[in-house]
Amino acid sequence: MASLPPPALPLRHSRRVITEPDQFGDAVSGIELSVDFQRRQERASHVEQFQSPAWALDFGEANVRTRVRGVLRGGWGSLCLALGPGEAIWNGQAAAPGTIALLPPNDEIDGRTAANYAWLTAAVPPEVWSRCLALAGLRDDGPDRLTVCQLPEPAVAQLKLRFQKSRALLKAAATPSAMDHVAEAVTDAFATACELTAGLTPASNSMRNRARLARRAEAWMRDHLADPVQVPDLCLALHVSRRELEYAFRSVYDQSPRDHLETLRLNAIRRALQHGDGHHDTIIAIAYAHGVRHLGRFSASYRMLFGEKPSETRRR
């Protein structure tokens, strides 16, 4: 299969340890992520990235359960190979180990990851995306939404091997031949992913409806974080039953609506403490400003999620 010419040097190479939710913000090249922790991170996560003008490669591992939202920047396309053992849910579609998620330009990603979720992602700019569609014989009829596809085991092994070889070559020296190898590997991977996902049946309407409801409910929660609202208030506002809401949140975020609302508040409070928002306010005032009314339970829940007291976060 024809490949792209190697991009111009230099190549950006970085390796980072991730201990905070906001440090995941650029952990996937081409996508601006917003991440909340749903459980305490027992050990640090990490990501290694190789970025050039014509493609980007990421190798990462999230050792924490997360809630993830993201928007593709600048018309880039992205594909993600789930390596496991943890799994994910993307836009209402299960992404177990060995699945590939193809995210076309201008689409959004919304979902969650389990702990120990390892990934391999590749991203390409608009002109390369168009070329990959042409190589797949799709022209302008490529996927128009995020699509998840289970790959055969030999295909998973081949893709991992090819990208691991790319990684080794780039770490040794970003020579023109190494860049050419990576360009070919990325092009082939995208063209193959476009072919595999183009004819797939979309996720079931029921799952898409649950994902849509969960996202709408979460948006309402975020708009009312400063208010002492509870799940019944949410049900009344959205005109849904509690059972329906519980089912949607369990399916999409693997949390109850009550727990989800609490983790949203705790993550928002942590950001306020870290970034100095309201630095003249007491911790109690900041907690109240985010809808907390049970201060004793707040401190215990905060420590359980982040492994430290709110006062320790503020001191740091």
Helical mean residue ellipticity (222 nm; -39500 (n - 2.57) per DSSP H run of 4+; nearest 500) of the chain: -14000 deg cm²/dmol
Signed unit charges on C-beta, dipole axis of the chain, positive-most listed residue LEU133, VAL28, ALA287: ALA287
For the range 47-157, with +1 on Lys and Arg beta carbons and -1 on Asp and Glu, the positive-most of ASN63, TRP76, PRO152 along the dipole: ASN63
Contact order normalised by residue count of the chain, Cα under 8 Å, 6+ apart, percent: 16 percent
Formal net charge of residues neighbouring VAL124 (Cβ-Cβ distance under 15 Å; K, R +1; D, E -1): -3
In sequence order, calculated HN-Hα J values of the range 75-85 (Karplus, 6.51, -1.76, 1.60; Hz; x Gly/Pro): x, 6, x, 9, 10, 10, 9, 7, 9, x, x
Cleavage-rule hits (trypsin sites (Lys or Arg not before Pro)) in the range 127-193: DSSP loop, at most 10 neighbouring Cβ within 10 angstrom: ARG139
Point-to-point label distance, TYR288-ALA157, nm (Cα→Cβ direction, 7 Å offset): 6.3 nm
Qualifying GluC sites (Glu not before Pro) for the range 40-84 [loop in DSSP, other Cβ within 10 Å: at most 10]: GLU42
Eligible aspartates and glutamates near LYS171 by straight Cα distance, threshold 15 Å, same-chain separation 8 or greater: GLU48, ASP58, ASP180
Relative contact order, percent, the range 225-316 [alpha-carbon distance under 8 Å, six or more residues apart]: 31 percent
Average Cα contact separation per residue, the range 12-198, under 8 Å, 6 or more apart, as relative contact order %: 20 percent
Overall Cα dimensions of the range 215-255, principal axis frame, Å, largest first: 26, 18, 14
³J(HN,Hα), Karplus 6.51/-1.76/1.60, whole Hz, each residue of the range 61-67, x for Gly, Pro: 8, 9, 9, 7, 7, 10, 10
Rg followed by Dmax, in Å, when the range 147-250 is reduced to its Cα trace: 22.2, 61
Convex hull of Cα atoms in the range 12-198, direction-averaged projection (nm²): 9.5 nm²
With 10 Å bins from 0: P(r) over the range 205-315, alpha-carbon pairs, percent: 14, 43, 28, 13, 1
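Where a number appears in this text, it was derived from the coordinates with a stated rule and is not lab data. On a predicted model such as this, the values are computed, not experimentally measured, just so you know. Don't worry about glycine lacking a Cβ; one is built from the backbone with ideal geometry, like all the others, and counts go over all protein chains shown.
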